[in-house]
Amino acid sequence: MLIREATADDWPRIWPFWHRIVAAGETYAWDPGTSEEEARVLWMNPAKRVYVVEDDSGTIVASAYLTPNYGGPAARIANAGFMVDPARGGRGHGRALAEHLLSEARAAGYRGMVFNAVVETNPAVKLWTSLGFTILGTVPEAFDHPRHGRVGLHIMYRAL
């Protein structure tokens with residue numbers, strides 16, 4: 001697999017799985033009806049460093065962004081978003097991308113990384129905790145999950 005910075009030309013290969021994941025309404029606190037143009041602005045924003053994972057065939061199977069979570073004196077705390085094509089899950093792409101972004105964040109001078117809204121039923125919670133993230137707190141019943149009803153949103157953190 002190859003992990004590299006994304007280019008604008010990668011968006012058409014990210015959008016199909018981005019749309020499938022957000023439209024499912026199970027793991028992201030973004031509107032499931034987000035249009036492609038709105039999604040492109042959210043994900044490919046120039047203020048974010050965006051990465052993709054290509055499998056051995058050159059197919060983009062995952063993407064992530066890295067950005068400051070706060071501004072000003074708190075700008076050294078990173079935030080990131082991750083998506084792995086659901087049809088390609090369970091093959092280590094998410095873990096490899098997460099490890100890469102943690103390394104990139106550290107190299108960029110970030111002191112920590114925070115996730116502001118991790119749906120507590122998201123299977124990625126297990127990945128994040130295995131990579132050293134802790135749950136700082138949970139906003140109870142903050143997310144209307146289509147299968148589980150109201151579930152909490154974790155705030156997760158890891159020092160770099």
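The values are calculated or read from the model by the stated rules, or taken from the named source; none is laboratory data. Everything numeric in this text was worked out from a predicted model, so none of it was measured. Neighbour counts are summed over all protein chains in view; Cβ atoms, including those assigned to glycine, are modelled from backbone coordinates with ideal geometry. When the accessible area is computed, the model is the full protein with side chains, heavy atoms only, and any ligands, DNA or RNA have been set aside. Shrake-Rupley method; radii C 1.70, N 1.55, O 1.52, S 1.80 Å.
Structure notes:
Per-residue answers, yes or no, for (1) open to solvent by less than 50 Å² (accessible area, probe 1.4 Å); (2) polar (S, T, N, Q):
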site	(1), (2)
Thr27	yes, yes
Ala39	yes, no
Ile77	yes, no
Phe82	yes, no
Gly90	no, no
Leu102	yes, no
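- In this structure, Arg4 qualifies as in contact with a strand residue (DSSP E or B) (Cβ under 7 Å, 6 or more places away or on another chain), surrounded by fewer than 19 Cβ atoms within 10 Å (Cβ to Cβ) and among the basic types (Lys, Arg).
- Cβ separations smaller than 7 Å between residues 6+ apart or across chains give the following pairs from the range 1-26 residues that are farther than 23 Å from His100 by Cα to residues that are in a strand (DSSP E or B) and hydrophobic (A, V, I, L, M, F, W, C): Glu26/Val119.
- Test: residue in the range 60-70 that is more than 19 Å from Met156 (Cβ to Cβ) and exposed (fewer than 14 other Cβ atoms within 10 Å of the Cβ): no
- Some residue of the range 123-141 being over 20 Å from Thr67 (Cα atoms) and in contact (Cβ under 8 Å) with a residue 60 or more places away in the chain: no
- Restricting the search to strands (runs of 3 or more DSSP E) fully inside the range 1-117 and requiring at least 2 residues that are under 24 Å from Arg147 (Cβ atoms) and among the aliphatic types (A, V, I, L, M) gives 77-84.
- All conditions in (1) in contact with a helix residue (DSSP H, G or I) (Cβ under 7 Å, 6 or more places away or on another chain); (2) farther than 24 Å from Asp9 by Cα; (3) of a type in the set (Gly, Ala, Ser) hold for Gly71, with the sole exception of (1).
- The C-beta contact set for the range 83-109 (first residue within 13 Å of Leu131 (Cβ to Cβ), second residue of a type in the set (Phe, Trp, Tyr), distance under 7 angstrom, 6+ apart or interchain) comprises Gly94/Phe82; Leu97/Tyr51; Leu97/Phe82; Ala98/Phe82; His100/Tyr51; Leu101/Tyr51.
- Selection from the range 119-140 of residues that are part of a strand (DSSP E or B) and exposed (fewer than 15 other Cβ atoms within 10 Å of the Cβ): Thr134, Leu136, Gly137, Val139, Pro140
- Any hit, the range 52-64, residues being in contact with an Asp or Glu (Cβ under 9 Å, 6 or more places away or on another chain), under 20 Å from Gly109 (Cβ atoms) and in contact (Cβ under 8 Å) with a residue 40 or more places away in the chain: no
Residue by residue, here is whether (1) closer than 19 Å to Thr27 by Cβ; (2) at pLDDT 95 or above holds:
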| position | (1), (2) |
| --- | --- |
| Glu54 | no, yes |
| Ser57 | no, no |
| Val61 | yes, yes |
| Thr67 | yes, yes |
| Tyr70 | no, no |
| Ala78 | no, yes |
| Gly89 | yes, no |
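- Applying the criterion of being under 13 Å from the mean Cα position of the chain (by Cα) and at pLDDT 95 or above to the residues of the range 22-47, the residue that is nearest to Pro86 (Cα to Cα) is Val22.
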